[in-house]
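First the structure, in the form of structure tokens, and then the observations on it.
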Amino acid sequence: MQQKHLSKEWDLNDPDTLRKDRPARMDDNDPSLGPASLQKFTGEDLDYGNRVRKQQQQQASWVRDQMSEKQAQIEDEIEAERLEAERQAELDERRAALEAEEMGARSAANGAVRDFNLALAEEKREREAERRYMDYEDKEEEIRNQLTSDLLTENRAATMSHAAPHRYLKYHFKGFSDEQVAGIRTDQLRQAAEKAERAAMEREDQQSYDLVQEAVRRNLVAGEREVLRRRQELARQTSEEQRRQAEEARARRAVLDNQVFAGAIDESFFKQFGTSSR
């Protein structure tokens, strides 16, 4: 007996035909769909529901991941704060211990420095006392030396040179004796008298020279005046000679004009033409 699903009309009688039938359109890139199939239109989006569902699932996954990360971050921050607090407490404890040690060491160092400074001050006081004592001794010795030295006692014997007794030591000279000062004063007076005498002779010579110079000046002035007078006289004679020559020239010119050139044609000859109708 032929089974139903083997008959040729089974495709028409199959109750699961619609379930088994291939959809008219699988997706937007179905190559069996041509322009005449009227299955694909502009603006359609068959995968919209799947895409939205996937996006929602992805967003939910992101939210869960962010919540997990935030929770982990909060826990990490809490743990970090706890560790930081423990580390800070440890640091505070260590700093307190170090500060205590430092204070003890500083106190000991200050004590040592204080003792050292006191020792230095005592040593300095002793040196100052010794220095003042030595200065006092040096000053007393200097005063004794000055009181007994040739400088203040004015010992004239110290001024003479041992190599040449007639010469003085420039760096140790104490001045002249009274006899030497009197001799120097006598020489100065004599020199002053000689100087006054020379000055008087020089004045007399100057006066004589001035008289001679005045006589020479007067002679020169008189000579210059005579030369000036002669120049003026020569100029006057020259002027009179030139005036006389000019008068003689005018007289000769008048003789020539009135006698020699009397018939000469002058300007009046030409002016008479064109003065009448003749």
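The values are calculated or read from the model by the stated rules, or taken from the named source; none is laboratory data. Predicted model only: the values in this text are computed from it and were never measured. FYI the Cβ positions are ideal-geometry reconstructions off the backbone, even for glycines, and counts take in every protein chain you see. With ligands, DNA and RNA removed, areas are computed over all heavy atoms of the protein, side chains included. Shrake-Rupley method; radii C 1.70, N 1.55, O 1.52, S 1.80 Å.
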Could you list, ordered by first residue, the pairs with Cβ atoms under 8 Å in which the first is in region 24-49 and of a type outside the set (D, E, K, R) and the second is modelled with pLDDT of 70 or more and outside any loop (DSSP other than H, G, I, E, B), at least 6 apart or interchain?
ALA24/SER37
Assigned to a helix (DSSP H, G or I), open to solvent by 100 Å² or more (accessible area, probe 1.4 Å) and at pLDDT below 90: which single residue out of ARG252, ARG225, ARG231, ARG185 fits that description?
ARG252
